[in-house]
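The values are calculated or read from the model by the stated rules, or taken from the named source; none is laboratory data. These numbers come from a predicted model, not from an experiment. All Cβ positions, glycine included, derive from the backbone under ideal geometry; neighbour counts span all protein chains shown.
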Amino acid sequence: MPSVVLLQRDHEASPRLRSLIDATPRFHVVGELHTTAQARRLMQHNPPDVLVTDLRVQDGSVYPFLQELRQGARVPSPHVLVTLLSRDDVVLLEALRGGADGYWIHACEPNALIGALEQVARGESPMTPTIARQVLAHFQHPALPVCDTMTEAFNSLVLTRSEEQVLHWVAQGYLVDEIAQQWRASVHSVGREIRRVYQKLRFDLQATALSLQQQAA
């Protein structure tokens, strides 16, 4: 059975993307929307497997909606692929820590969209060297104190040794398949390891924001 895809775009350029995705047996586009309000209503009854979205749609930024998805307001939570006009690591990092699992750059070949969809549908995520360095720096100087009684494998505020090693390889410019060879693991395992790093980053930022709110109260 093909994975269900929902398109959420700011403009009316979706037909090209829809025809490209629908031409792939692996995916089926269930709808094309232009506001997060429409997406909220649709997901109450027919949530997709993958949400492909611009960072800004006709009723504003998608970040609040992505936060709802990641905080469990919508179950099941779809995989999220954001579309960007150009590769800007600052914008990209903000999107990934805001709730995105992967991305597609409009300037890239159309077939790259299908590859990105397949990646996020498998539970994997990409990462650039610049983002890897920023994430490493973030966890090396945590905003919140780390609980010593919790092992790193279960601590959402701490990177495991394998997660940190993957980040170091990415930061040095190694490709995912090269990391998989060094790690003696599958490309899928490396992609999922990167996904878990993003999840920890989102949890850490949410915990920091909550702590600041409590201190201000």
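Under 7 Å by Cβ, and 6 or more places apart or on different chains, what pairs join a residue from the stretch 18-36 that is closer than 11 Å to Val5 by Cβ and in contact (Cβ under 8 Å) with a residue 40 or more places away in the chain with one that is of a type in the set (S, T, N, Q) and in a strand (DSSP E or B)? Partner pairs satisfying both residue conditions: Arg26/Ser3; Phe27/Ser3.
Could you name every one of the strands (runs of 3 or more DSSP E) located completely within the stretch 11-94 that has at least 1 residues being closer than 24 Å to Thr130 by Cα and either assigned by TED's automatic domain parsing to the domain that holds Phe203 or modelled with pLDDT of 90 or more (or both)? Result: 50-54, 79-84. If I filter the stretch 37-50 down to residues being without any contact (Cβ under 8 Å) to a residue 60 or more places away in the chain and in contact with a strand residue (DSSP E or B) (Cβ under 7 Å, 6 or more places away or on another chain), which single residue comes out as nearest to Ala121 (Cα to Cα)? Step by step, filter the stretch 37-50, then rank; the result is Pro48.
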